[in-house]
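The values are calculated or read from the model by the stated rules, or taken from the named source; none is laboratory data. Bear in mind that the values here come from a model prediction, so they are computed numbers and not experimental data. Reconstructed Cβ throughout: ideal geometry from the backbone, glycine too, with neighbour counts over all protein chains shown.
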Amino acid sequence: MAVRIMTWLDERLGLTGIYNTVLDRKVPKVNWAFTLGSATLFLAVLQAATGIFLTAYYVPHPDQAYDSINYIMNDVAFGWLIRGIHHWGATLMVITVVLHMLRTFFYGAYKYPREVTWLTGVLLLLVTLGMGFTGYLLPWNQRAYWATTVGTSIAETIPFVGPYVNDALRGGSDLGTLTLVRFFSAHIWMLPASLFGILGVHLYLVIRLGISHIPSKDE
């Protein structure tokens, strides 16, 4: 029965072709450094899963944000574990993305025909850093508040448009309710949508063009 069902689905969805293209494709002889991209993808999915859980309890308001984090950590079953995974997973994701980019650069994998793959990787790095920056404010403690104050003040130094960028990030001259809401919205909607959209293009290019081999001394 199971074979008949799989055959029926394969005839209509082309599952065998998808499997052969995505999972059973040939790759050159590589080392463990080539697994950094897959590790980053795993962490991105883990961040999405734990983040969805946290949004069920987190309250993006200055009067309740810190208390909601304490509630997650102390009163929700395994809340401390989920938040810990989300917190340290964000750090690990930034590290793996940077190492993945360095591996790609030093191995020359950004060259023809993979230039667009490299560009999408750069965009993924920027979005990942943006998610880390926006997420840092959400606990709304002293460290998060003043770190975000410094971070947004740096944006103000951009010539001509700096003050406007700073006001757009903060929602005013100082950090407040609107700042927290904007950072929360960017952290759970805008940046994740951008991340997984660009990631889809990135994975398509990796599957279409394949991965590069380890360069020889002459290359």
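Could you identify the single residue in V94, V165, V150, V127 that is of a type outside the set (S, T, N, Q), in contact with a Gly (Cβ under 8 Å, 6 or more places away or on another chain) and either at pLDDT below 95 or farther than 14 Å from R182 by Cα (or both)? Of V94, V165, V150, V127, the one residue that is of a type outside the set (S, T, N, Q), in contact with a Gly (Cβ under 8 Å, 6 or more places away or on another chain) and either at pLDDT below 95 or farther than 14 Å from R182 by Cα (or both) is V94. For the range 94-146, which residues satisfy the criterion of being free of Cβ contacts under 8 Å to residues at least 60 places away in the same chain, surrounded by 13 or more Cβ atoms within 10 Å (Cβ to Cβ) and farther than 27 Å from W32 by Cα? Listed by number, the residues that qualify are F133, T134, G135, Y136, L137, A144, Y145. Checking the structure you have, find out if any residue of the range 60-77 is of a type outside the set (F, W, Y), under 30 Å from I214 (Cα atoms) and out of contact with any helix residue (DSSP H, G or I) (no Cβ under 6 Å at 6 or more places or on another chain). No, the range 60-77 contains no residue that is of a type outside the set (F, W, Y), under 30 Å from I214 (Cα atoms) and out of contact with any helix residue (DSSP H, G or I) (no Cβ under 6 Å at 6 or more places or on another chain).
Scanning the range 6-58 for residues that are surrounded by fewer than 13 Cβ atoms within 10 Å (Cβ to Cβ), modelled with pLDDT under 95 and among the aliphatic types (A, V, I, L, M) yields a total of 7.
For every residue, the table says whether it meets (1) under 23 Å from the mean Cα position of the chain (by Cα); (2) modelled with pLDDT of 95 or more; (3) part of a helix (DSSP H, G or I).
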site: Y110; (1), (2), (3): yes, no, no
site: P113; (1), (2), (3): no, no, no
site: L123; (1), (2), (3): yes, yes, yes
site: Y136; (1), (2), (3): yes, yes, yes
site: A144; (1), (2), (3): yes, yes, yes
site: D174; (1), (2), (3): no, no, no
site: F184; (1), (2), (3): yes, yes, yes
site: L199; (1), (2), (3): yes, yes, yes
site: I211; (1), (2), (3): yes, no, no
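Of the residues making up the range 154-190, those that are among the hydroxyl-bearing types (S, T, Y), surrounded by 13 or more Cβ atoms within 10 Å (Cβ to Cβ) and farther than 15 Å from G132 by Cα are T177, T179. Answer yes or no: is there a residue in the range 66-75 that is within 29 Å of L126 (Cα to Cα), in a loop (DSSP other than H, G, I, E, B), aliphatic (A, V, I, L, M) and touching a residue at least 60 places away in the same chain (Cβ under 8 Å). No - not one qualifying residue is present in the range 66-75. Regarding the range 18-26, can at least one residue be identified that is in contact (Cβ under 8 Å) with a residue 60 or more places away in the chain, in a helix (DSSP H, G or I) and among the hydrophobic types (A, V, I, L, M, F, W, C)? Yes, there is a match, as at least one residue in the range 18-26 is in contact (Cβ under 8 Å) with a residue 60 or more places away in the chain, in a helix (DSSP H, G or I) and among the hydrophobic types (A, V, I, L, M, F, W, C). Suppose we filter the range 50-59 for residues that are in contact with a helix residue (DSSP H, G or I) (Cβ under 7 Å, 6 or more places away or on another chain) and under 16 Å from S185 (Cβ atoms); how many remain? So the answer is 5.
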